[in-house]
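The values are calculated or read from the model by the stated rules, or taken from the named source; none is laboratory data. Here the structure is a predicted model, which is why all the values come from computation and not from measurement. Glycine gets a Cβ as well: all are built from the backbone with ideal geometry, and neighbour counts include every protein chain shown.
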Amino acid sequence: MKQWQMNGTGIDQLALVERDILQPGPGEVLVRVAAVSLNYRDKLVIETGMGYPLSFPQVPGSDMAGSVVAIGDGVTRVQAGQRVISTFWTHWIDGKAPTVPGVALGGPAPGTLAQYVVLPQDQLVISPQTLSDLEASTLTCAALTAWYALVEEGGLRAGQTVLVQGTGGVALFGAQIALAHGAEVVATSGSAAKLDRVRELGVQHGVLRGDGWTQRVLDATGGRGVDQLIALGGSDLGEALEVLASGGRASVIGLLGGPEFSGSVIPFLKQRLTIQGIGVGHRRALEDLVQAIDVNGIKPVIDTVYGIEDLPSAIAHVGRGAFGKVVVRLDR
């Protein structure tokens, strides 16, 4: 099989190599990988290691969709021939996040950018029936992050208003999940052309980023503000909190805007706001998401599909910013 591996940190340390296909042991599953969806986190792990105790050579990538080839003794969750996707955390199955939810695939645990992977059965979920492998590969991190923030923690319901920042994978999944629940959606972007595209997904309000953007969000909601906000973290979070309605909730995702923010505590006290950090989600929530996708017909937005040899180009695309997800195809 072909497998991408890191021999150190830095894009120049990536190598596409050939390896023997491993066989599953007790409780393990051999999966033929069809597609791997890339996240900004994968870019950071490859370029910097993100401070993880990586063991080189390290296989990057956390998201995967494929088919079960063989199972080890004692495996009951899946059968040969079934289509599956990976979970993000190795040990977070359900409930509130434990102090140590396990480790994440692709850093520091071995990742998914290989044509065959062996994973414990607990790290697999049956794929949605309504999605292709390319589409299903996008669920592990981005889709589950949006679902966990809005539904699992946020209690999303019809009639609420949700604001998503940007047009990346988490934002577009957040918009689609909110719309499927009967919520109204406001999306922000620095590109008018991208706002036109999000409106085609059914998003009711597109707001161009720049000076005065928070007032434009308030205007779009009749001055009320939004019930839930998916924020990409960083320096403008304090400003973004100004658009939350009374009792509103902000879910902070990742570090795209930097690790720090500043703002007044007054809105928290006056409007009883909640701010929560989101670290993807547990396996049970991913299983709930799969069911919701099949029932509601949600289709992931894929910007570009790259071949297995083109991982460096795919990583560069993630760095430039994509409309939706960037996927690497491994089955050809």
Matching entry among 18, 28 (being among the acidic types (Asp, Glu) and surrounded by 18 or more Cβ atoms within 10 Å (Cβ to Cβ)): 28
Need the failing condition index for residue 99 against (1) hydroxyl-bearing (Ser, Thr, Tyr); (2) farther than 30 Å from residue 241 by Cα; (3) without any contact (Cβ under 8 Å) to a residue 24 or more places away in the chain, just the number. (2)
On the given criteria, is residue 144 closer than 25 Å to residue 252 by Cα and in contact (Cβ under 8 Å) with a residue 40 or more places away in the chain? yes
Inspect all residues belonging to segment 271-278 and state whether any of them is at pLDDT below 95, among the β-branched types (Val, Ile, Thr), crowded, with 19+ Cβ neighbours inside 10 Å and under 18 Å from residue 146 (Cα atoms). yes
Return the pair list, or none, for Cβ contacts closer than 7 Å from residues in segment 105-128 that are of a type in the set (D, E, K, R) to residues that are surrounded by fewer than 24 Cβ atoms within 10 Å (Cβ to Cβ) and part of a loop (DSSP other than H, G, I, E, B), at least 6 apart or on different chains. 122/93
Just give me the residues in segment 5-46 being farther than 22 Å from residue 300 by Cβ and assigned to a strand (DSSP E or B), in sequence order. 5, 6, 14, 15, 16, 17, 18, 28, 29, 30
Within segment 52-95, considering residues that are in a loop (DSSP other than H, G, I, E, B) and among the hydroxyl-bearing types (Ser, Thr, Tyr), the one farthest from residue 153 (Cα to Cα): 55
Looking only at segment 160-219, filter to residues that are within 22 Å of the chain's Cα centre (by Cα) and of a type in the set (Asp, Glu); which one of those is nearest to residue 240 (Cα to Cα)? 184
Quick one: which helices (runs of 4 or more DSSP H) sit completely within segment 113-195 and have at least 2 residues that are touching a strand residue (DSSP E or B) at 6+ places or on another chain (Cβ under 7 Å)? 133-136, 169-180
